[in-house]
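Enquirer: Let me give you the structure first, and then I'll get to my questions.
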Amino acid sequence: MTWLEFALLHTSAPTTVRVSARHGDRFAEPTLVGPCVVDHRRTIVFCPPDADVPPGSLVTLPTGRTTRVRSACHLDAHGYRLPGHLQLDLE
């Protein structure tokens, strides 16, 4: 299963988030990252594995809420149904 197939299985439509990635003491220009799976209950976002979103970056969710990335973790597929991805834990 590819990342896009997984995202489409878990969302009604591809979801994008706007990210201002933090690099050192400055932020990059806001860019769109998608398709993502957003878990609003636990403030976790699952992104494509090639997304560049280090901790401290600002993320604007589809609801319009902007929050900061507490931690970002690259996870490999390891033979599970969930493909490799970047997990963002938000404040």
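Enquirer: Report, in debye and to the nearest 20, how large the dipole of the chain comes out about its Cα centre when Lys and Arg carry +1 and Asp and Glu carry -1 on their Cβ.
Expert: Dipole magnitude for the chain comes out near 300 debye.
Enquirer: If you place +1 on the Cβ of every Lys and Arg, -1 on the Cβ of every Asp and Glu, and leave all else neutral, what size is the dipole of the stretch 41-91 about its Cα centre, to the nearest 20 Debye?
Expert: 300 debye
Enquirer: For the chain, what is the accessible area per residue in Å², given a 1.4 Å probe and the full set of protein chains?
Expert: For the chain, the solvent-accessible area averages 61 Å² per residue.
Enquirer: If one puts a single equal scatterer on every Cα of the chain and applies the Debye formula without solvent, what log₁₀ I(q)/I(0) results at q = 0.13, 0.16, 0.20 Å⁻¹?
Expert: Normalising to I(0) and taking log10 leaves -0.38, -0.58, -0.90.
The values are calculated or read from the model by the stated rules, or taken from the named source; none is laboratory data. Because the structure is a prediction, the values reported are computed rather than measured. Neighbour counts are summed over all protein chains in view; Cβ atoms, including those assigned to glycine, are modelled from backbone coordinates with ideal geometry. The area values use the complete protein model at the heavy-atom level, side chains included, leaving out ligands, DNA and RNA. Shrake-Rupley method; radii C 1.70, N 1.55, O 1.52, S 1.80 Å.
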